[in-house]
Amino acid sequence: MDRRKFLKNGSLAGLGVATLNLASTDTPGAGDFELNEITIDQLQEKMRSGQLSSKSLTKLYLKRIADIDKKGPELNAVIELNPDALSIAEGLDAERKAGKVRGPMHGIPVLVKDNINTGDKMMTTAGSLALDGHHAAQDAFIVAQLRKAGAVILGKTNLSEWANFRSTRSTSGWSSRGGQTKNPYRLDRNPSGSSAGSGSAVAANLCAVAVGTETNGSVVSPSSINGIVGIKPTVGLLSRSGIIPISATQDTAGPMARTVKDAAILLGAMTGVDPTDPVTLESKEKAKTDYTAWLDADGLKGKRIGIEKSFLTGGHEGVLALFQEAINTLKAKGATIVEVDLFKLLADPNSVEGVILQYEFKDGLNKYLATANAGVHTLADVIAFNSANEKKAMPYFKQETLEKARPAAPSTAPNTRTP
């Protein structure tokens with residue numbers, strides 16, 4: 001059973017959680033979209049056979065974005081399109097015609113979260129008006145790896161501003177630059193954050209696959225809410241250089257896709273040792289360019305999986321029943337379930353976790369901005385910009401998370417501006 005049929009026919013549909021309200025078919029935005037639910041393998045076969053080229057499928061995705069992201073239901077998942085996408089695709093088609101295929105990502109359109117540097121005509125802003133106009137000098141390492149693998153960088157996705165590290169009252173999927181991203185299944189619900197645009201875009205078939213980033217749930221949560229596959233890799237498997245940071249010890253990019261295999265393909269395309277991110281050296285012997293060889297239907301046997309115990313009681317009875325059903329499925333597949341009690345700790349802004357994030361955010365952001373060609377150069381500058389432009393930058397919620405990080409101990413790193 002494919003992803004759409006599962007979402008339609010499963011017990012979620014009975015609760016109305018996954019009701020598809022954008023069209024009469026089983027795809028948000030629907031119509032007769034030629035690339036609906038298509039996989040990377042299927043796209044490669046169409047390009048091998050000459051049925052499609054990278055340029056033609058890039059055009060199809062661009063039209064899809066125009067039809068349902070910018071018009072119609074206006075999902076607002078894409079914050080900016082790459083004006084060079086078609087020419088990049090055309091160049092990759094020429095390589096294929098000449099007999100050169102770089103790998104499974106050759107010619108595949110990818111959307112990238114807007115806190116990840118692209119050294120091209122697109123901006124990198126983390127959704128913040130304070131960084132509007134900021135063009136990165138070079139690609140983030142993982143973007144360079146994607147280009148090397150033959151991916152077409154189609155555009156940037158919207159996100160919860162500053163990767164949801166601005167306010168304790170923030171709305172997932174909203175940014176001052178990009179506005180509100182919608183859940184493609186329920187337009188009056190948000191798609192969860194902070195990789196909201198990537199989750200919504202993949203679910204609605206605006207791209208083949210997308211890249212998100214995570215500190216505490218920003219890949220896995222929107223993937224769950226949008227019915228897709230998201231992976232948070234071990235920190236250090238993917239380089240963090242060129243990504244607007246929150247936490248040096250927890251941040252990582254991660255693949256978001258409609259199938260496990262596509263997520264594995266995208267993950268492999270982004271790995272590599274980055275001299276500017278020494279933590280990647282720890283994964284040197286473990287990093288692979290092809291994770292599909294480890295796809296195993298019996299892979300849960302012997303695995304220990306933590307389950308947050310507070311989610312087992314106190315919620316909607318229908319949701320609790322679904323959660324228990326999922327746990328029983330994991331057990332039936334051979335997994336050992338271990339109940340854990342971490343939610344209260346993670347939710348407490350005064351916890352050790354919260355304090356660490358405040359220190360690491362200020363240090364990391366100041367280092368990033370010190371070398372950026374943006375109009376703001378420190379966290380203090382960002383706070384001042386938002387305050388001076390409150391009506392546009394903070395119309396719905398404020399910036400108490402940024403302000404709480406402001407007094408954190410300054411970085412001792414050389415050449416770093418600290419207020």
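Things worth noting here:
- Index of the failed condition, Ala287 passing every other in (1) at pLDDT 95 or above; (2) surrounded by 13 or more Cβ atoms within 10 Å (Cβ to Cβ); (3) out of contact with any helix residue (DSSP H, G or I) (no Cβ under 7 Å at 6 or more places or on another chain); (4) not in a helix (DSSP H, G or I): (1)
- Residue count for the range 257-267, restricted to those that are touching a Lys or Arg at 6+ places or on another chain (Cβ under 9 Å) and touching a residue at least 40 places away in the same chain (Cβ under 8 Å): 2
- Index of the failed condition, Leu81 passing every other in (1) surrounded by fewer than 24 Cβ atoms within 10 Å (Cβ to Cβ); (2) farther than 18 Å from Ser200 by Cα; (3) under 20 Å from the mean Cα position of the chain (by Cα): (2)
- With respect to being of a type in the set (Val, Ile, Thr), free of Cβ contacts under 8 Å to residues at least 40 places away in the same chain and buried (at least 24 other Cβ atoms within 10 Å of the Cβ), Thr118 fits the description.
- In a residue-by-residue description of the range 296-310, the property of being free of Cβ contacts under 8 Å to residues at least 12 places away in the same chain, out of contact with any Phe, Trp or Tyr (no Cβ under 7 Å at 6 or more places or on another chain) and surrounded by 11 or more Cβ atoms within 10 Å (Cβ to Cβ) applies to at least one position.
- Hey, Ala30 modelled with pLDDT of 95 or more and either surrounded by fewer than 19 Cβ atoms within 10 Å (Cβ to Cβ) or not aromatic (Phe, Trp, Tyr) (or both) or not: no
- Output for the range 274-284, where each listed residue is within 21 Å of the chain's Cα centre (by Cα) and in a loop (DSSP other than H, G, I, E, B): Asp274, Asp277
- Here Ala253 does not qualify as part of a helix (DSSP H, G or I), touching a strand residue (DSSP E or B) at 6+ places or on another chain (Cβ under 7 Å) and among the small types (Gly, Ala, Ser).
- All told, Ala149 meets the bar of being of a type outside the set (S, T, N, Q) and in contact with a Lys or Arg (Cβ under 7 Å, 6 or more places away or on another chain).
- Annotation note: of Ala263, Ala257, Ala253, Ala204, the sole residue that is over 13 Å from the mean Cα position of the chain (by Cα) and under 28 Å from Leu57 (Cα atoms) is Ala204.
- Some residue of the range 303-313 being under 30 Å from Val376 (Cα atoms), in contact with a strand residue (DSSP E or B) (Cβ under 6 Å, 6 or more places away or on another chain) and not in a helix (DSSP H, G or I): no
- Those residues of the range 314-333 which are part of a loop (DSSP other than H, G, I, E, B) and at pLDDT 90 or above, in sequence order: His316, Lys333
- Being within 20 Å of Gly127 (Cα to Cα), in contact (Cβ under 8 Å) with a residue 24 or more places away in the chain and of a type in the set (D, E, K, R) is a property that holds for Arg240.
- Count of the range 74-113 residues which are touching a Gly at 6+ places or on another chain (Cβ under 6 Å) and under 18 Å from Gly178 (Cα atoms): 9
- Residue in the range 136-155 that is over 30 Å from Lys97 (Cβ atoms), crowded, with 24+ Cβ neighbours inside 10 Å and either of a type outside the set (A, V, I, L, M, F, W, C) or over 15 Å from the mean Cα position of the chain (by Cα) (or both) present: no
- Test set (1) surrounded by fewer than 24 Cβ atoms within 10 Å (Cβ to Cβ); (2) modelled with pLDDT under 95 - Ser221 fails condition number: (2)
- Per-region count, the range 334-355, residues in a loop (DSSP other than H, G, I, E, B) and either modelled with pLDDT under 95 or surrounded by 16 or more Cβ atoms within 10 Å (Cβ to Cβ) (or both): 7
The values are calculated or read from the model by the stated rules, or taken from the named source; none is laboratory data. Predicted model only: the values in this text are computed from it and were never measured. Neighbour counts are summed over all protein chains in view; Cβ atoms, including those assigned to glycine, are modelled from backbone coordinates with ideal geometry.
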